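Rule-based calculations on the coordinates, nothing more; no lab input. Keep in mind that what you see is a predicted model, and the values were worked out from it rather than measured. Backbone-built Cβ (ideal geometry, glycine too); neighbour counts: all protein chains shown.
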């Protein structure tokens, strides 16, 4: 037999099996692994449960308002009032809460959540879409008194109900509306309106103010807001027909800038209202009504010792003029006597002020007092060059207050010769903290039995328009920097860094 070479012997050798070694697993490792997994699951479960509990109990109380004008939370004034609320109030949103097509919803949902959170359970907020529940409108208003419809709010307490149109909760720029025909909101009155409506539906007897209609009544949204801040509900009143009368619940009758004279029926009704201790506010300036005569309206004013004259106050003191080229736009001041009795501003804007005066022979028991006057050098320009020999340069009244003490509660007539205290045109771009608004609000508070009295702050809608637009050269320069220099510089830096570090 031939001998095997060493190589063949090695190849034919059977492989030697290594002895089996029993690997002992570390029991502590298994235990730690199980504990780690269990701990992770437990921590996740605790976080989920904790978040659910917080969401169900403290969700709205832990919400923070980061808006610049605090538009998502109620003011301290409303918050204090909500703490005293003793009647249940329901606020219904008649729309789909998640409908993003409603452009105004972001101004309402957060702040109404805050109402609910701070009312200690006395306010309940509900969102019900009439398309989903078509019976909700008939349930809220069975007799169709309020004409409820989709996409509005309803404030309700017991049998009292107030519909709220979201678009009426904003103040719009009158100039933009006049020239472009679109509504551009400049202020947010959501809190002011909802707080006032809550007061109304929870009060036993709300105050009513009526605007005399039928004589081209001007827009009066700002007066509505002033009256609402005092707890009034406002309505237009048309006195037509033999059975027409001023309602018994009328606490204040407003006759604003009539384009035509009162009818005989209206004259007698207003005089009867004054005889029964009524409160009347007349505003009649000299801008659009230069040739209009008001014998019936004047007869009402004379019942309280005041006369409306066909003349306009001409301000001669340059320090009192808003524009030195326009003597009919001026600054008026409260009388020294009146300023001592109430805390009011010391200056008011006046435009196209009609000459009004107290009669020499006042009716019995009637007292007439000037509240706001011109400078001591103002004169009067009369229509058709008419000259009143009794009128000379001097201090002339802008606002007169007449009181008849012969009636039980004292009848009162406020006569204002300018619409700068009441018109939407004047308040365009201004807030209800304007001096004129503060004055008229204070005056109404004095003559009417006001119980609710606080002015919820108005929220200005922030404007992000550049106050100083860039010039064309500056705009070109910055466009070049942003669109060329920065991108090219970033690309160059990237290339340089890549070449230096690619071999690392």
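The packing ranking of peptides 92-98, 483-489, highest mean first, is 92-98, 483-489, where packing means the average number of other beta carbon atoms within 10 angstrom of each residue. Considering only alpha-carbon pairs that sit under 8 angstrom and 6 or more positions apart, the relative contact order computed for segment 304-391 is 44 percent. What's the exposure ranking of 362, 308, 38, going from fewest to most Cβ atoms within 10 Å? Ascending number of Cβ neighbours within 10 Å: 38, 362, 308. With neighbour counts taken as other beta-carbon atoms within 10 Å, the residues 194, 439 rank, fewest first, as 439, 194. If you plug the beta carbon distance of residue 167 and residue 482 into 1/(1 + (r/R0)^6) with R0 = 60 Å, you get a FRET efficiency near 0.95.
Mind sorting 329, 441 by how few other Cβ atoms lie within 10 Å of their own Cβ, fewest first?
Going from sparsest to densest Cβ surroundings: 329, 441.
Contact order for segment 206-453, expressed relative to its length and based on alpha carbon pairs under 8 Å spaced 6+ residues apart, stands at 23 percent. Let me make sure I get this right: for segment 169-282, a, b and c are the square roots of the gyration tensor eigenvalues over alpha carbons, sorted descending. Under 1.5 in a/c it's rounded, otherwise prolate if a/b > b/c, else oblate. Which is it? It comes out oblate by the Cα gyration axes. Please work out whether segment 240-323 counts as rounded, prolate or oblate from its C-alpha gyration tensor, where a ≥ b ≥ c are the square roots of the eigenvalues and a/c under 1.5 means rounded, while otherwise a/b larger than b/c means prolate and anything else oblate? It comes out prolate by the Cα gyration axes. For segment 54-204, the square roots a ≥ b ≥ c of the C-alpha gyration tensor eigenvalues yield an a/c under 1.5, which makes the shape rounded. Remark: the residue 180-residue 407 segment gains 76.7 nm on full extension, using 0.36 nm per residue and subtracting the alpha carbon distance.
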